[in-house]
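Okay, structure first, notes after.
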Amino acid sequence: MPLPATTVERESSILARYAMHSADSRGRKHPEPEQSYRGPYQRDRDRIVHTSAFRRLSGKMQVFTGDMGDYHRTRLTHTHEVASIARTMGRALRLNEDLVEALALFHDIGHPPFGHAGEDALNECLQEEGGFSHNRHGLTIAEELEHPYPNFAGLNLTHEVLEMQQTRIRKGDPSSPLLEAQAVEAADSMTYDAHDCDDAIKLKLLTMEELAQTSLVGAAVAAVKERFANVTGDKLRRAIQRELLDRQVRDVLATAGQFLTTCEDATAEEVRQMAFRIGPSPELREQKQELERLLYSRVYRHPRLLEMRTGAQARIHQMFDGYLARPELLPPLYRQRAAKVGLKRAAGDYLAGMTDRYCDQQFGEHFATGSKPQNA
Ligand code: MG
C-alpha cells in the first residue's frame, strides 16, 4: 500500500528539501501495509512510546538517584525535555518533526539502571563478550528484546531510525547522521547542560554563585537580572533554566539556519555528505565545555554521587556473577535468550532492562549477604 497522501502532501508542503521525507524512507525489514492516518515515523514514535523499555525510563536515573528526592530529572523526563527541544528546532529548520520526535524518544532507551555507573559496570562484566554500551543496547531492544508482534521479534522500526542509532555506535563514519538526528544530539546536550545546573542547585551540590562564574551561566544570570532586577533564590534558578535553554536554542538555530539557507536545493542524502553538523557556534561550544568541566568536577564527581556510583557498580558486578552461577534466577525469556546469545550476554541484557529500584530489590532478595537463596 502506498503512503497516505496526507503524509506525502503535508511533508512536501512544509518540509525543506534537505529534510528526511517519509516518501524516501527505505522502509522496514518486515514489510507492512501503510496506515491511512499516520506516516511511518509517527508509527515509529508510537511503537517506541508503547515499549516496556520506554516506560521503565521513569525508574532509571539521569544523574541523581531516587533517594535524593523527587525533584530532579529521571531518564524519562530528560528524554521528554530532549524531544521537546529537538521538535522545536526540527520545526524551525523545516526538518521532519515526526522523525525528530521518534529519534529523541528513542535516544536513551538502552540505558541500564544507575546511569553511566551502571553502563560502566556492565561494560566491565561483558568485556569478553564485546562490552556493553547503552547505544548498542538500544538497538538490541528495538530489534530483539521487545516483541509486540506475534510474527517477528522487535519493533520493526523504519530503516532510518535504526540507521541513526547505528551512527551513535559507529565512530569515524565519513557521512554525517541525518539532520533530524543531528538536531536530537544538539538538543540532548543543551538539555543536560541546563537541567543538570537546575538539579544541582536544587540539591545544594553547588550554588548559583559558583555556576555563575562560568561564562554561559554568568551571561544568563546577567540577562535575567537585567529583566528582573530583584529576582533571587528559586525564582532565579527557574529563570536561569529557561534562559540557558533559550540561549542555546537561539545560537544553534542561527548557526544551522545560516548554513542550511546555502543548501536549500540539497537532498537529505546530499547534506549528509557535507562537513556541516547542527550544533553550537564555536563561542557557545567553548562556553558549554567550560560549564561541563565544572559540572563534571563538582556535580558528577560529587562525593554523594561517587558513593552511589561505587555501591551500584559493586551490586551490579555481584548480581552479574550471581546470575552466571545461578541461571535459574533469570526469567524464562532470558534463559531462552541465553541459548541464543550466551549466558553472559543474556544476564547483561536482563540487568540492563532493570529500573534502579528493581535492581536494588533483586539484589536485596537474592544476592545481599543474608538473603535466602531461591528454592532453598
Ligand atoms: Mg540523553
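Could you pull out the residue among Ser189, Ser176 that is within 13 Å of the ligand (Cβ to nearest atom), surrounded by fewer than 21 Cβ atoms within 10 Å (Cβ to Cβ) and more than 26 Å from Arg357 (Cβ to Cβ)?
Ser189
Of the numbered conditions (1) closer than 20 Å to Met164 by Cβ; (2) within 16 Å of the ligand (Cβ to nearest atom), Arg17 satisfies every one except a single condition; which is it?
Among (1) closer than 20 Å to Met164 by Cβ; (2) within 16 Å of the ligand (Cβ to nearest atom), the lone unmet condition for Arg17 is (2).
Every residue, every condition in (1) assigned to a helix (DSSP H, G or I); (2) closer than 30 Å to Cys263 by Cβ, yes or no:
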site	(1), (2)
Pro280	no, yes
Glu283	yes, yes
Glu290	yes, no
Leu333	yes, no
Ala347	yes, no
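Here's a check for you: in the stretch 358-372, which residue that is at pLDDT below 95 and open to solvent by 70 Å² or more (accessible area, probe 1.4 Å) is nearest to Thr65 (Cα to Cα)?
Filtering the stretch 358-372 for residues that are at pLDDT below 95 and open to solvent by 70 Å² or more (accessible area, probe 1.4 Å), the one nearest to Thr65 (Cα to Cα) comes out as Thr369.
Name the one entry in Ala256, Ala268, Ala212, Ala239 that is closer than 30 Å to Pro303 by Cα and open to solvent by less than 20 Å² (accessible area, probe 1.4 Å).
Ala239
Could you check the stretch 91-104 and list, in sequence order, the residues that are more than 11 Å from the ligand (Cβ to nearest atom) and either closer than 30 Å to Leu203 by Cα or surrounded by 20 or more Cβ atoms within 10 Å (Cβ to Cβ) (or both)?
Listed by number, the residues that qualify are Leu93, Leu95, Asn96, Glu97, Asp98, Leu99, Val100, Glu101, Ala102, Leu103.
Name every residue in the stretch 172-221 that is without any contact (Cβ under 8 Å) to a residue 40 or more places away in the chain, in contact with a Lys or Arg (Cβ under 7 Å, 6 or more places away or on another chain) and more than 14 Å from Val249 (Cβ to Cβ), in order of residue number.
Passing the criteria: Ile201, Met208.
Pull out all pairs, ordered by first then second residue, where Cβ-Cβ is under 7 Å, the residues are six or more apart or on different chains, the first lies in the stretch 226-252 and is more than 16 Å from Ala200 (Cα to Cα), and the second is outside any helix (DSSP H, G or I) and of a type in the set (Ser, Thr, Tyr).
Between residues of the stretch 226-252 that are more than 16 Å from Ala200 (Cα to Cα) and residues that are outside any helix (DSSP H, G or I) and of a type in the set (Ser, Thr, Tyr), the close pairs are Asp251/Ser281.
Under 7 Å between Cβ atoms, which residue pairs at least 6 apart in sequence (or on different chains) link something in the stretch 78-89 that is closer than 9 Å to Glu101 by Cα with a partner that is more than 10 Å from the ligand (Cβ to nearest atom)?
Once the first residue is closer than 9 Å to Glu101 by Cα and sits in the stretch 78-89, its partners that are more than 10 Å from the ligand (Cβ to nearest atom) give Ala83/Glu101; Ala83/Leu105; Ala86/Val100; Ala86/Ala183; Arg87/Glu97; Arg87/Val100; Arg87/Glu101.
Answer with yes or no whether Pro327 is open to solvent by 20 Å² or more (accessible area, probe 1.4 Å), under 30 Å from Thr207 (Cβ atoms) and at pLDDT 95 or above.
For Pro327, the condition - open to solvent by 20 Å² or more (accessible area, probe 1.4 Å), under 30 Å from Thr207 (Cβ atoms) and at pLDDT 95 or above - is not met.
Filter the stretch 49-90 for residues that are under 27 Å from Ala19 (Cβ atoms) and more than 16 Å from the ligand (Cβ to nearest atom) and give the result.
Val49, His50, Thr51, Thr88, Gly90
Give His111, His72 a once-over and let me know the one that is more than 25 Å from Pro33 (Cα to Cα), modelled with pLDDT under 95 and part of a loop (DSSP other than H, G, I, E, B).
When all the criteria are applied, what remains is His72.
So Asp44 fits all but one of (1) at pLDDT 95 or above; (2) away from the ligand (no atom under 16 Å from the Cβ); (3) open to solvent by 40 Å² or more (accessible area, probe 1.4 Å); (4) of a type in the set (Asp, Glu); what number is the exception?
(3)
I'm trying to understand the selection: among the residues of the stretch 14-43, which are part of a helix (DSSP H, G or I) and over 17 Å from Leu179 (Cβ atoms)?
Within the stretch 14-43, Pro40, Gln42, Arg43 meet the criteria.
Being away from the ligand (no atom under 16 Å from the Cβ) and under 17 Å from the mean Cα position of the chain (by Cα) is the filter; apply it to the stretch 107-138 and report the residue that is surrounded by the most Cβ atoms within 10 Å (Cβ to Cβ).
Ranking the qualifying residues of the stretch 107-138, first place goes to Phe132.
Could we say that Thr51 is out of contact with any Lys or Arg (no Cβ under 6 Å at 6 or more places or on another chain), open to solvent by less than 50 Å² (accessible area, probe 1.4 Å), among the hydroxyl-bearing types (Ser, Thr, Tyr) and under 18 Å from Phe152 (Cα atoms) here?
It is true that Thr51 is out of contact with any Lys or Arg (no Cβ under 6 Å at 6 or more places or on another chain), open to solvent by less than 50 Å² (accessible area, probe 1.4 Å), among the hydroxyl-bearing types (Ser, Thr, Tyr) and under 18 Å from Phe152 (Cα atoms).
Just checking, which of Thr74, Thr167, Thr88 is open to solvent by 60 Å² or more (accessible area, probe 1.4 Å) and among the β-branched types (Val, Ile, Thr)?
One residue alone meets the criteria, Thr88.
Looking at the stretch 14-57, which of its residues are among the hydroxyl-bearing types (Ser, Thr, Tyr), out of contact with any Phe, Trp or Tyr (no Cβ under 9 Å at 6 or more places or on another chain) and in contact (Cβ under 8 Å) with a residue 60 or more places away in the chain?
Tyr18, Tyr41, Thr51, Ser52
Among the numbered conditions (1) in a helix (DSSP H, G or I); (2) at pLDDT 95 or above, tell me where Asp199 comes up short.
All conditions pass for Asp199, except number (2).
The values are calculated or read from the model by the stated rules, or taken from the named source; none is laboratory data. These numbers come from a predicted model, not from an experiment. Positions of Cβ are backbone-derived with ideal geometry, glycine not excepted, and every protein chain shown enters the neighbour counts. The protein model used for the area step is the full one, side chains on, heavy atoms only, and it has no ligands, DNA or RNA in it. Shrake-Rupley method; radii C 1.70, N 1.55, O 1.52, S 1.80 Å.
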